[in-house]
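Asker: Have a look at this one before I ask anything.
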Amino acid sequence: MPASKPSDPRIAPADAAGIARAAAMLREGRPVALPTETVYGLAADAARADAVAAIYRTKGRPDFNPLIVHVPDLDGARAIAIFDARAEKLAAAFWPGPLTLVLPLREGAGIAPAVTAGLSTIALRCPAHPVMRAVLEASGLRLAAPSANRSGAISPTRAEHVAASLGEGLDLIVDGGAARAGLESTIVALRNLGDEPAGWQLLRPGPIDPEAIAALLGEPPIPLADQRIEAPGQLASHYAPGKPLRLGAVAADADEWLIGFGNVVGDDTLSASGDLAEAAANLYAALHRADASDHARIAIAPVPMGGMGDAINDRLKRAAA
Ligand code: TXA
Ligand code: MG
């Protein structure tokens, strides 16, 4: 176990005072780290170029990477993007929750151009986490929020992860406890040809099962094969710890910190009972602990595909690249 550090003065409880302070800072155009049901987000006013620039600066993120905008409800989303029957169906089924929709950006939506990085589409999510929802309501803002980690590093599922990853330019982290899902939202892009619907793509696997999306939309996704990279979560190396990571390990080699799963027992485990939802919720915290350990390398047990297993293996592949 890493030695416990004194708690960071930037971390505030998610009580009425913490939520009011977060809303006030956001209205001043300052970024604030907030809990969501997937991972912690680094939020700022999506309408203000200076506030969005502060997100990019704090994360050290390359500016071609567009951000997800969080809205309190469906009406808020309809004011920003063009919703067709498919989008309405998905929102009705999965919002509030861990689904991000990539849709055509509405003209005059008042979103800072840096949010979409010049694309004609926008990524929207209506989150379910009560603290994120309370801050959306108290601020009255639409909040752009990428995961609250330095660009390319492991995503944060606890307030302490944010504090360890982000330094200057961040003054408030609202502590909502451990993120329930533990993996970033499922991203679905609804494609059009002219004004006609033309299929959908799974840009990032996540907590929402793509089979359920296919069933609702009545068609399988269009493969991503030849597409230029639109979701930089798709870059080969992403979500990466600072040490070499070996996948599919059943035992630790010398100097390896082994993260177990099911029957593979290690220095730590994603889920001793082999539960995939538990493993997803634990994944990033386990990688943070492995990074902080005194071992030079990390090894991780095999995690089966299927359901959340697809999303976990997607993140592991990128973390090891
Ligand atoms: O669960 C989540 O989605 C978390 C929480 C904080 O909501 N947010 C998150 O944001 O993971 P971020 O910025 O780390 O990932 C956003 C992803 C990126 O891969 C980005 O490229 C993609 O969404 N994206 C954003 N706008 C897009 C667009 N218009 N077209 C395609 N991809 C887009
Ligand atoms: Mg991220």
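Asker: Which residue out of 99, 90 is within 13 Å of ligand 1 (Cβ to nearest atom) and at pLDDT 95 or above? Steps first, please.
Answerer: Details: 90 fails: within 13 Å of ligand 1 (Cβ to nearest atom).
Residue meeting the stated conditions: 99.
Listed here are the residues, each with its yes/no results for (1) at pLDDT below 85; (2) in contact with a Leu (Cβ under 8 Å, 6 or more places away or on another chain); (3) surrounded by 14 or more Cβ atoms within 10 Å (Cβ to Cβ).
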{"position": "206", "(1), (2), (3)": "no, yes, yes"}
{"position": "209", "(1), (2), (3)": "no, no, yes"}
{"position": "223", "(1), (2), (3)": "no, no, no"}
{"position": "230", "(1), (2), (3)": "yes, yes, yes"}
{"position": "249", "(1), (2), (3)": "no, yes, yes"}
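Asker: Same structure again: Would you tally the residues in segment 175-210 being within 16 Å of ligand 2 (Cβ to nearest atom), within 17 Å of residue 40 (Cα to Cα), part of a loop (DSSP other than H, G, I, E, B) and not charged (D, E, K, R)?
Answerer: Residues flagged as within 16 Å of ligand 2 (Cβ to nearest atom), within 17 Å of residue 40 (Cα to Cα), part of a loop (DSSP other than H, G, I, E, B) and not charged (D, E, K, R) within segment 175-210 amount to 7.
Asker: Related question: Return the residues of segment 60-75 that are near ligand 1 (Cβ under 10 Å from one of its atoms) and either within 16 Å of residue 135 (Cβ to Cβ) or buried (at least 24 other Cβ atoms within 10 Å of the Cβ) (or both); say none if nothing qualifies.
Answerer: 67, 68, 69, 70
Asker: For segment 80-106, give me each residue that is out of contact with any Gly (no Cβ under 9 Å at 6 or more places or on another chain), among the aliphatic types (A, V, I, L, M) and not in a strand (DSSP E or B).
Answerer: 82, 85, 87, 90, 91, 92, 93
Asker: Can you pull out every residue in segment 147-165 that is part of a loop (DSSP other than H, G, I, E, B), modelled with pLDDT under 95 and either more than 11 Å from ligand 1 (Cβ to nearest atom) or hydrophobic (A, V, I, L, M, F, W, C) (or both)?
Answerer: Within segment 147-165, 150, 154 qualify.
Asker: Which of the following residues is surrounded by fewer than 21 Cβ atoms within 10 Å (Cβ to Cβ), at pLDDT below 95 and either part of a helix (DSSP H, G or I) or away from ligand 2 (no atom under 16 Å from the Cβ) (or both): 109, 20, 53, 24?
Answerer: Testing whether each residue is surrounded by fewer than 21 Cβ atoms within 10 Å (Cβ to Cβ), at pLDDT below 95 and either part of a helix (DSSP H, G or I) or away from ligand 2 (no atom under 16 Å from the Cβ) (or both) leaves just 53.
Asker: Say we look at segment 45-57 and pick out the residues that are under 11 Å from residue 170 (Cα atoms) and aliphatic (A, V, I, L, M); which of these is farthest from ligand 1 (Cβ to nearest atom)? Full working, then the answer.
Answerer: Of segment 45-57, the ones under 11 Å from residue 170 (Cα atoms) are 54-55, 57.
Narrowing the set further to residues that are aliphatic (A, V, I, L, M) leaves 54-55.
Values: 54: 15, 55: 9 Å.
Checked segment 45-57; the qualifying residue farthest from ligand 1 (Cβ to nearest atom) is 54.
Asker: Which of (1) more than 18 Å from residue 212 (Cβ to Cβ); (2) hydrophobic (A, V, I, L, M, F, W, C); (3) not in a loop (DSSP other than H, G, I, E, B) is the odd one out, the single condition residue 119 does not satisfy?
Answerer: Failed condition: (3).
Asker: Here is a follow-up. Mind checking which residues of segment 271-319 are of a type in the set (A, V, I, L, M), without any contact (Cβ under 8 Å) to a residue 40 or more places away in the chain and farther than 12 Å from residue 183 by Cβ?
Answerer: Passing the criteria: 272, 286, 305.
Asker: Would you confirm, using the coordinates I've provided, whether residue 179 is under 14 Å from the mean Cα position of the chain (by Cα) and either closer than 19 Å to residue 277 by Cβ or not charged (D, E, K, R) (or both)? Break it down into steps so the answer makes sense when it comes.
Answerer: Working: under 14 Å from the mean Cα position of the chain (by Cα): yes; either closer than 19 Å to residue 277 by Cβ or not charged (D, E, K, R) (or both): yes.
Criteria met by residue 179.
Asker: Does residue 119 fit the bill of being surrounded by fewer than 17 Cβ atoms within 10 Å (Cβ to Cβ), in contact (Cβ under 8 Å) with a residue 60 or more places away in the chain and within 12 Å of ligand 1 (Cβ to nearest atom)?
Answerer: Numbers: surrounded by fewer than 17 Cβ atoms within 10 Å (Cβ to Cβ): yes; in contact (Cβ under 8 Å) with a residue 60 or more places away in the chain: yes; within 12 Å of ligand 1 (Cβ to nearest atom): yes.
In short, yes.
Asker: Can you report the number of residues in segment 127-146 which are under 15 Å from residue 43 (Cβ atoms), part of a loop (DSSP other than H, G, I, E, B) and within 12 Å of ligand 1 (Cβ to nearest atom)?
Answerer: Residues flagged as under 15 Å from residue 43 (Cβ atoms), part of a loop (DSSP other than H, G, I, E, B) and within 12 Å of ligand 1 (Cβ to nearest atom) within segment 127-146 amount to 4.
Asker: Then there's this: Restricting to segment 166-186, count the residues that are over 17 Å from residue 240 (Cβ atoms), charged (D, E, K, R) and within 13 Å of ligand 1 (Cβ to nearest atom).
Answerer: Result for segment 166-186: 1.
Asker: With the structure loaded, tell me whether residue 85 is modelled with pLDDT of 95 or more, within 15 Å of ligand 1 (Cβ to nearest atom) and within 30 Å of residue 196 (Cβ to Cβ) or whether it fails that test.
Answerer: Against the criterion (modelled with pLDDT of 95 or more, within 15 Å of ligand 1 (Cβ to nearest atom) and within 30 Å of residue 196 (Cβ to Cβ)), residue 85 does not qualify.
Asker: Can you pull out the residues in segment 261-297 that are touching a strand residue (DSSP E or B) at 6+ places or on another chain (Cβ under 9 Å) and part of a loop (DSSP other than H, G, I, E, B)?
Answerer: Passing the criteria: 262, 265, 266, 267, 270, 271, 272, 274, 293, 294, 295, 296.
The values are calculated or read from the model by the stated rules, or taken from the named source; none is laboratory data. Keep in mind that this is a model prediction, so the values were computed, not measured. Note that each Cβ is placed from the backbone with ideal geometry, even for glycine, and that neighbours are counted across all protein chains shown.
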